[in-house]
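Chemist: Input: one structure, supplied below.
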Amino acid sequence: MKPTTKPVSTFVIGGDLKINRLGYGAMQLTGAGVWGDAPDRDQAKRVLNDAVEAGVNFIDTADAYGPHTNEVLIQEALSAHYGKIVIATKGGFERPGPGQWVPNGRPEYIRNAIDGSLRRLKRDRIDLWQLHRIDPKVPVEETLGPVVDAVKAGKIKHVGLSEVDVKAVERAEKVLPIVSVQNLYNLADRSWEPVLDYTAKKNMAFIPWFPLASGPDKMQEQLGALARKYQATVAQIALAWLLQRSPNILLIPGTSSPQHLRENLDAIQITLSDEDFNALSARP
């Protein structure tokens, strides 16, 4: 695994959306169990605005966050910035209660999800709409039918998938172009590595969720030593590794804390040596 000497700071999604590779994931701006509105809406709006003012131009959300409250919050906080930021949202989950996530890929549900996101975000078009999960009970071709219709109608610009293997991406690509994949990936859990390599080869964005998991004690000790060496936090080292892992990785660390936001964004300033990168890349 060979790192880039200096990680590039931008990536172009779908050939026309130039994104700063350190974005912001808004899921934490909800209540416990990703249920209900942010406990402190004023601070949540402040964090969103701080992110944009610091150079973030990619905000990741979903209709399932809240549900619905997260999209409303983003619209209220960031509508004045709509001309210079990319809002990515997702659909395909029902939320019966806190901590409960039920895939629903029925075409009518997906059609309503798209229209609902447009309404809550007060947008004419969604820059990047992602299928939150493939429903095992519904053929993905049927699920993506209304997505194709929405693209043709100008309601969606680009389409991505979440938590999928390579075969699922290839199957979806037969229906419409796929520009991004959002899977669980971090230093401690690299089970989706083949998907990352596939997306890099295809010039798709790979968007790790839960990017800050640090893994077993041995790795935490290693990260701590590197944090001291680079005068950084453990989280910054983990993010720096991801940025160097592949130039198509787009990070969306989330936080409800202005201080942690600033720390996360400063990770772009860190370039690990080849030796340190390779040491972290060794399997935990």
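Chemist: Going by the structure shown, is Val86 hydrophobic (A, V, I, L, M, F, W, C), touching a His at 6+ places or on another chain (Cβ under 6 Å) and either at pLDDT 95 or above or surrounded by fewer than 17 Cβ atoms within 10 Å (Cβ to Cβ) (or both)?
Modeler: Judged against the criteria, Val86 is not a match.
Chemist: Being more than 26 Å from Ile19 (Cβ to Cβ) and in contact (Cβ under 8 Å) with a residue 24 or more places away in the chain narrows it down to one of Asn203, Asn183, Asn104, Asn112, so name that one.
Modeler: It is Asn104.
Chemist: Still on this model: When only residues in region 190-214 that are among the small types (Gly, Ala, Ser) and closer than 23 Å to Ala26 by Cα count, which is nearest to the chain's Cα centre (by Cα)?
Modeler: Ala205
Chemist: Looking at region 220-273, which of its residues are of a type in the set (S, T, N, Q), without any contact (Cβ under 8 Å) to a residue 40 or more places away in the chain and closer than 24 Å to Val86 by Cα?
Modeler: Correct list: Gln236, Gln259, Gln269.
Chemist: Here is a check on your reading of the model: is Leu187 over 13 Å from Gln130 (Cβ atoms), within 15 Å of the chain's Cα centre (by Cα) and of a type outside the set (D, E, K, R)?
Modeler: The answer is no for Leu187.
Chemist: Output the residues belonging to region 17-33 that are touching a residue at least 60 places away in the same chain (Cβ under 8 Å) and either exposed (fewer than 13 other Cβ atoms within 10 Å of the Cβ) or more than 18 Å from Ile87 (Cβ to Cβ) (or both).
Modeler: Correct list: Gly31, Ala32, Gly33.
Chemist: Okay, moving on. Based on this model, can you work out whether Leu176 counts as surrounded by fewer than 19 Cβ atoms within 10 Å (Cβ to Cβ), over 16 Å from Pro7 (Cβ atoms) and in contact with a strand residue (DSSP E or B) (Cβ under 9 Å, 6 or more places away or on another chain)?
Modeler: Spelling it out, Leu176 is indeed surrounded by fewer than 19 Cβ atoms within 10 Å (Cβ to Cβ), over 16 Å from Pro7 (Cβ atoms) and in contact with a strand residue (DSSP E or B) (Cβ under 9 Å, 6 or more places away or on another chain).
The values are calculated or read from the model by the stated rules, or taken from the named source; none is laboratory data. None of these values were measured; they are calculated from a predicted model. Here the Cβ is made from the backbone with ideal geometry for all residues, glycine too, and neighbour counts use every protein chain on show.
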